[in-house]
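To keep things clear, I will list the structure first and then write my remarks on it.
The values are calculated or read from the model by the stated rules, or taken from the named source; none is laboratory data. Since we're looking at a predicted model, the values are computed, not measured. Reconstructed Cβ throughout: ideal geometry from the backbone, glycine too, with neighbour counts over all protein chains shown.
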Amino acid sequence: MTDLPDELLPGTRRALLHRLAVAQSEGRTPSVVAGVVRAGRPVWSGARSMVDGHAPTPDVQYRIGSLTKTFVAVLVLRLRDEGLLDLADPLARHLPGTPADDATIAQLLAHSSGLAAETPGPWWERTEGSLRPGLDDLLETERPLKHPAGRLHHYSNPGYALLGALVETVRGAHWGEVLRREVLAPLGMDRTTLLPEHPHAGGFAVHPWADVMRPEPLTDTGLMGPAGQLWSTGADLARWAAFLATGDDKVLSADSLAEMRRPAVAPDADWTTAYGLGLQLRRHEGRLLYGHTGSMPGFTAGLWISEADDLAAFALSNATSGASAAQLAAQLIAVTAEHEPRLPEPWRPLPELDEDLLELTGPWYWGAAPNVLRLRADRVLELTQLGATGRGSRFRPEPDGTWTGLDNYYAGETLRVVRAADGTVGHLDIGSFIYTREPYGPADAVPGGVDPEGWRAR
């Protein structure tokens, strides 16, 4: 929407500041930085600190932990889109000789490879990467798999370390340099780095039973860096949130980003969290959010996007536990949406009329089930089953005169318009399902035919 103001209303800003202040106070964290992005533009930022009269600016770096994984996933999808690999490829095809040779790239992205959650030996997050000099040091050699591959979601930090090594092998450069060149620089994110650069926050552990704290080590995790090494700022995360929401053809298309946020492993029936290809999904207060959480000793981070509300929010804190930056980011979206709900797009007629497409609109029947086909902008067709939750989908036009399903049951399936000998529209064929202008008619179009006596009363 072009008519949205660049800032939020005073009441909204006050409510957001209050939510942030509660998180810093009750979460007992030295500082918190947060912000809201609407329609791709930053519209609010705030900060609170334990120091009277001082708060960190959006240019102060915090460690973002596993938010790093979203950046690595984008690098891998770029390789896929360039045709340099397939997500169904086993890792060994591009990076042979690791304990995860048989895991597919998609499984590594989705944490469904069955690999162990953590490295053997000392906790990698608080120790230097020099303790794990080779890829063989990242997983147990005897039992690297804890679950059958592809069966369930089991979070694996070493899995993302292997994805970083994959990027290095295919590109021939360190993954951090590839990230800077292909993603960060094009998006203007020059304050996102592998190691902290001034000004940056220090990380602290706060005692659980007393209001005292101690510093946490700021480690270089080496080969484990793709799992959680990055440092970033509020200003840069606002740019990252805008990119994840809409895409940027210089970096990754909107279609590939949409693929990343679809659940890659079937979630539970009443799921509240799921995982795509490098992106987490969460249900929060009736909203579906996607993004990622992050934590490293001394820091927590969270970034969430609500597509339905056209809102994103991020939060950064510098305490190991206590304040949940991920929870705060989700709450900021809810507060903003409650105070300033998204304005619907104004209705506008189509810029031009195509009589052939107009002829396709209206009622269609799959067997006896009534449906309606509507014409939308850009020659998109929208099929909806009436009176029930059915197999509705939107269909994108293709150059050959067919349409491809975009969502729901018919995602990826082909819609064909079948015409009679006189050129009039006879029926629709969607992946062998036949839609006719009247229930079960005409008989020659319905698979298996119809009873020649027609409809009857009892």
Quiz item: Out of all the residues in region 268-321, which are closer than 22 Å to Val36 by Cβ and charged (D, E, K, R)?
Solution: Arg282, Arg283, Glu285, Arg287, Glu307, Asp309, Asp310
Quiz item: When residues of region 6-34 are filtered for being at positive phi and buried (at least 23 other Cβ atoms within 10 Å of the Cβ), how many remain?
Solution: 0
Quiz item: Restricting attention to region 111-141, and to residues there that are assigned to a helix (DSSP H, G or I) and among the aliphatic types (A, V, I, L, M), which single residue is surrounded by the most Cβ atoms within 10 Å (Cβ to Cβ)?
Solution: Leu135
Quiz item: In this structure, is Arg348 outside the structural domain of Gly203 (by TED's automatic domain parsing), basic (Lys, Arg) and within 30 Å of Pro42 (Cα to Cα)?
Solution: yes
Exercise. Give the residues of region 56-73 that are among the β-branched types (Val, Ile, Thr) and under 24 Å from Thr219 (Cβ atoms), sorted by residue number.
Key: Val60, Ile64, Thr68, Thr70, Val72
Quiz item: Which number in (1) modelled with pLDDT of 95 or more; (2) surrounded by fewer than 21 Cβ atoms within 10 Å (Cβ to Cβ); (3) under 24 Å from the mean Cα position of the chain (by Cα) marks the one condition that Leu91 misses?
Solution: (2)
Practice problem: For Val212, state whether it is out of contact with any Gly (no Cβ under 9 Å at 6 or more places or on another chain), of a type in the set (Val, Ile, Thr) and surrounded by fewer than 22 Cβ atoms within 10 Å (Cβ to Cβ). | Solution: yes
Quiz item: Wholly within region 401-446, which strands (runs of 3 or more DSSP E) include no fewer than the required count, namely at least 2 residues that are in contact (Cβ under 8 Å) with a residue 12 or more places away in the chain and β-branched (Val, Ile, Thr)?
Solution: 414-419, 425-430, 433-436
Quiz item: How do the pairs read when you match residues in region 269-293 that are over 22 Å from Thr246 (Cβ atoms) with residues anywhere that are small (Gly, Ala, Ser), using Cβ under 8 Å and keeping only pairs 6 or more apart or on different chains?
Solution: Glu285/Ala330; Glu285/Ala334
Practice problem: Sort out for me the helices (runs of 4 or more DSSP H) sitting completely within region 142-240 that have 2 or more residues that are of a type in the set (S, T, N, Q). | Solution: 157-171
Quiz item: Any residue at all in region 292-307 that is modelled with pLDDT of 95 or more, more than 25 Å from Arg126 (Cβ to Cβ) and surrounded by fewer than 16 Cβ atoms within 10 Å (Cβ to Cβ)?
Solution: yes
